[in-house]
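**Q** Here it is, the structure, as structure tokens.
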Amino acid sequence: MLRRDQLVMTDSYRVVVAHEGAETELSVAAGTTLRDALLAADCSPYGRVSEYANCGGRGLCATCGVRLATDIDPDHWHDRLADRFGYPRLSCQVTVDRDMRIKLLDDKLVWGGRDP
Ligand code: FES
């Protein structure tokens, strides 16, 4: 059992987002999906078409992939496959429950790249 002084109360975590050689640091409320946190911070994980045509975070379209630099166990079937075979992880299936580092895909090809 933890003593009172051992308890760490946190309601937000630090998410560092690497993209095109720069880093952005976010403070994200615990329990937020990574996808939602990225969209709220204008750090979209999507390409130019999938920005509008995606499954809304249901784990179906596979267009919200990011690279995780922090080891996070997958609990969604598609995300487990992504983890197993080294594909980008589904940001909609990652819950922010710790500090983490991620990288947006600069070379996203599925459903349109990032460049206009
Ligand atoms: S938003 Fe469709 S799989 Fe993540």
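Values in this text are rule-based calculations from the coordinates and carry no lab data. Small disclaimer: the values here were computed from a predicted structure and weren't measured. Backbone-built Cβ (ideal geometry, glycine too); neighbour counts: all protein chains shown.
**Q** Can you tell me how many residues within region 51-100 are over 14 Å from residue 36 (Cα atoms) and either away from the ligand (no atom under 13 Å from the Cβ) or among the hydroxyl-bearing types (Ser, Thr, Tyr) (or both)?
**A** Summing the residues that are over 14 Å from residue 36 (Cα atoms) and either away from the ligand (no atom under 13 Å from the Cβ) or among the hydroxyl-bearing types (Ser, Thr, Tyr) (or both) in region 51-100 gives 18.
**Q** Name, by its number, the condition in (1) of a type in the set (Ser, Thr, Tyr); (2) surrounded by fewer than 21 Cβ atoms within 10 Å (Cβ to Cβ); (3) closer than 28 Å to residue 11 by Cβ that does not hold for residue 50.
**A** Every condition holds for residue 50 apart from (3).
**Q** Go through 55, 43 for me and flag whichever is in a loop (DSSP other than H, G, I, E, B) and either in contact with a strand residue (DSSP E or B) (Cβ under 7 Å, 6 or more places away or on another chain) or on the phi > 0 side of the Ramachandran plot (or both).
**A** Residue meeting the stated conditions: 43.
**Q** Residue 67 passes all but one of (1) outside any strand (DSSP E or B); (2) within 12 Å of the chain's Cα centre (by Cα); (3) not hydrophobic (A, V, I, L, M, F, W, C); which number fails?
**A** With (1) outside any strand (DSSP E or B); (2) within 12 Å of the chain's Cα centre (by Cα); (3) not hydrophobic (A, V, I, L, M, F, W, C) applied to residue 67, the lone miss is (1).
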